[in-house]
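Everything on this sheet refers to the single structure shown next.
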Amino acid sequence: MKNAGTISVSTENVEDGIEIRIRDEGIGIRDEDILHIFEPFYTTRDKGSGLGLAICYKIVEAHSGDIWADSIPGQGASFTKAGK
């Protein structure tokens with residue numbers, strides 16, 4: 001988020017473990033980008049390697065979890081991790 005906004009973190013017990021959700025009030029993620037954000041070296045930024053979310057994905061996967069993103073452009077994004 002370039003200016004100000006809120007980032008919230010919530011947790012919930014689910015049948016197979018725990019769900020962690022991180023939500024922001026940023027600009028959101030375009031539909032055409034959300035399909036690729038966990039791919040190594042994919043970035044929409046001028047600076048950065050495009051490895052951050054790819055590494056997060058691999059860490060979650062290594063612990064038998066799932067991670068996904070939901071977003072409405074202009075209304076922020078939500079990343080959810082579920083698993084043991």
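Just so it is clear, none of the values below were taken in a lab; they were calculated from the coordinates. Quick caveat, the model's predicted, so the values are computed rather than measured. Please note: Cβ atoms are built from the backbone with ideal geometry, for glycine as well, and neighbour counts cover all protein chains shown.
Determine, yes or no, whether Ile27 is surrounded by 12 or more Cβ atoms within 10 Å (Cβ to Cβ) and in contact (Cβ under 8 Å) with a residue 60 or more places away in the chain. So Ile27 does not fit the description; no. Quick check, is Leu35 without any contact (Cβ under 8 Å) to a residue 40 or more places away in the chain, hydrophobic (A, V, I, L, M, F, W, C), loosely packed, with under 15 Cβ neighbours inside 10 Å and at negative phi? Against the criterion (without any contact (Cβ under 8 Å) to a residue 40 or more places away in the chain, hydrophobic (A, V, I, L, M, F, W, C), loosely packed, with under 15 Cβ neighbours inside 10 Å and at negative phi), Leu35 qualifies.
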